[in-house]
Amino acid sequence: MFGFFRRKKVETAPPAVSHIAFIMDGNGRWAKRRGLPREAGHRAGAKVFQRIVEYCLDIGIPTVTVYAFSTENWRRPEKEVDAIMELLERYIDDTFSKYADRDVEIVFVGRRDGLTPGLIEKMERLENESRGRKSRVNIALNYGGRDEIVRAVNRLYEEGKLPCDEASLSAALDCAGRPDPDLVVRTGGDLRTSNFLLWESAYAEYFFTGTLWPDLTERELDRILSDYARRHRRFGGL
Ligand code: FPP
């Protein structure tokens, strides 16, 4: 019986995805459908975020990036913004206890300004303590793809490294140091990139699902990975 399960696991083993990224959309609608406040959707979303990220790492995907909060999300009501920030703080606290023995580094990509000093301190402590580990979880927080590119160019300018080439611009981005995403998954049914990983996803495959983020399961992710495995990536060639 156990052999059967083991064999099945190998059959459904995902293809070589070295970097998967998620646009975690649909928390608000998930809550609304249940007559709950939007914050409840983000709480459910945060749990799914933890489960899905752990699953990705367990099945051997070494880099996972999630879009937790965009530079545009500040336009949301203060109560909702506060709830997301609180969830992030809680995630950081959890991560210290849970991931201490996991070979994963956590990197926050995005702008630090606008975040509270307490949150920034926690983020930096987690980054410093996890630096150099084998796998990587990028958390895009206060993040915009255009903003990331502009900050990278300004950094290169300040360091006297302009004009630059693609490799040196890539190396100046927040997400530097890991391969570009192979696959970007967006939940929630919208068909857009929403300013996420604009530079890094130049050749990424996209998968859009109508499933709301808090409803995403490991089984659906397996199906998404199987779909990805059937695609023929040409990178501009034939
Ligand atoms: C988009 O759904 C989701 C967000 C703007 C926030 C994502 C945040 C989490 C999943 C929780 C916190 C994250 C971590 C890393 C602990 P939406 O609110 O736009 O949903 P809607 O389109 O249905 O309104």
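What are the residues in region 122-139 that are touching a residue at least 60 places away in the same chain (Cβ under 8 Å) and of a type in the set (Gly, Ala, Ser), if any?
SER135
Condition (residue is of a type in the set (D, E, K, R), touching a strand residue (DSSP E or B) at 6+ places or on another chain (Cβ under 6 Å), in contact (Cβ under 8 Å) with a residue 40 or more places away in the chain and outside any loop (DSSP other than H, G, I, E, B)) applied to region 165-188: is it met by at least one residue?
yes
Going residue by residue through region 85-96, is there one that turns out to be surrounded by fewer than 19 Cβ atoms within 10 Å (Cβ to Cβ), more than 28 Å from GLY177 (Cβ to Cβ) and not small (Gly, Ala, Ser)?
Among the residues of region 85-96, at least one is surrounded by fewer than 19 Cβ atoms within 10 Å (Cβ to Cβ), more than 28 Å from GLY177 (Cβ to Cβ) and not small (Gly, Ala, Ser), which makes the answer yes.
When only residues in region 63-83 that are in contact with a Gly (Cβ under 9 Å, 6 or more places away or on another chain) and within 17 Å of VAL109 (Cα to Cα) count, which is surrounded by the most Cβ atoms within 10 Å (Cβ to Cβ)?
Per the criteria, the residue is ALA68.
For region 204-224, which positions are surrounded by 15 or more Cβ atoms within 10 Å (Cβ to Cβ), without any contact (Cβ under 8 Å) to a residue 40 or more places away in the chain and out of contact with any strand residue (DSSP E or B) (no Cβ under 6 Å at 6 or more places or on another chain)?
Those that are surrounded by 15 or more Cβ atoms within 10 Å (Cβ to Cβ), without any contact (Cβ under 8 Å) to a residue 40 or more places away in the chain and out of contact with any strand residue (DSSP E or B) (no Cβ under 6 Å at 6 or more places or on another chain): THR209, GLU220.
Write out, first by first residue and then by second, each pair whose Cβ atoms fall under 6 Å of each other, whose residues are 6+ apart or on separate chains, and whose first residue, in region 54-70, is closer than 16 Å to LEU225 by Cβ while the second is part of a helix (DSSP H, G or I).
TYR55/GLU218; VAL64/VAL53; VAL64/CYS56
Checking LEU198 against (1) in contact with a Ser or Thr (Cβ under 8 Å, 6 or more places away or on another chain); (2) over 11 Å from ALA21 (Cα atoms); (3) hydrophobic (A, V, I, L, M, F, W, C): exactly one of these is not met. Which one?
(1)
Testing SER201 on (1) closer than 26 Å to ILE84 by Cα; (2) hydroxyl-bearing (Ser, Thr, Tyr); (3) out of contact with any strand residue (DSSP E or B) (no Cβ under 7 Å at 6 or more places or on another chain), one condition comes back false. Which one is that?
It is condition (3) that SER201 fails.
Quick check, is ASP25 closer than 17 Å to ALA140 by Cα, in a loop (DSSP other than H, G, I, E, B) and within 7 Å of the ligand (Cβ to nearest atom)?
Spelling it out, ASP25 is indeed closer than 17 Å to ALA140 by Cα, in a loop (DSSP other than H, G, I, E, B) and within 7 Å of the ligand (Cβ to nearest atom).
Given the residues GLU129, GLU166, GLU148, which is the only one that is surrounded by 14 or more Cβ atoms within 10 Å (Cβ to Cβ) and modelled with pLDDT of 95 or more?
So the residue among GLU129, GLU166, GLU148 that is surrounded by 14 or more Cβ atoms within 10 Å (Cβ to Cβ) and modelled with pLDDT of 95 or more is GLU148.
What is the number of the single condition among (1) closer than 24 Å to ALA46 by Cβ; (2) more than 15 Å from the ligand (Cβ to nearest atom); (3) among the small types (Gly, Ala, Ser) that GLY189 does not meet?
Every listed condition holds for GLY189 apart from (2).
Surrounded by 15 or more Cβ atoms within 10 Å (Cβ to Cβ), under 27 Å from LEU191 (Cα atoms) and free of Cβ contacts under 8 Å to residues at least 24 places away in the same chain, is that true of ALA40?
Taking the combined requirement at face value, the residue satisfies it.
Can you tell me which residue within region 58-90, out of those that are more than 9 Å from the ligand (Cβ to nearest atom) and among the basic types (Lys, Arg), is nearest to ALA40 (Cα to Cα)?
The residue in question is LYS79.
Residue under question is ASP227, and the condition is that it be surrounded by 15 or more Cβ atoms within 10 Å (Cβ to Cβ) and either of a type in the set (Lys, Arg) or farther than 26 Å from SER70 by Cα (or both); does it hold?
Considered against the rule, which asks whether it is surrounded by 15 or more Cβ atoms within 10 Å (Cβ to Cβ) and either of a type in the set (Lys, Arg) or farther than 26 Å from SER70 by Cα (or both), ASP227 comes out as no.
If I go through region 157-179 residue by residue, how many of them are within 24 Å of TYR203 (Cα to Cα) and in contact with a Ser or Thr (Cβ under 9 Å, 6 or more places away or on another chain)?
Of the residues in region 157-179, 4 are within 24 Å of TYR203 (Cα to Cα) and in contact with a Ser or Thr (Cβ under 9 Å, 6 or more places away or on another chain).
The values are calculated or read from the model by the stated rules, or taken from the named source; none is laboratory data. Being a predicted model, the structure only gives us computed values, none of them experimental. With ideal geometry, Cβ positions are generated from the backbone for all residues, glycine too; neighbour counts draw on all protein chains shown.
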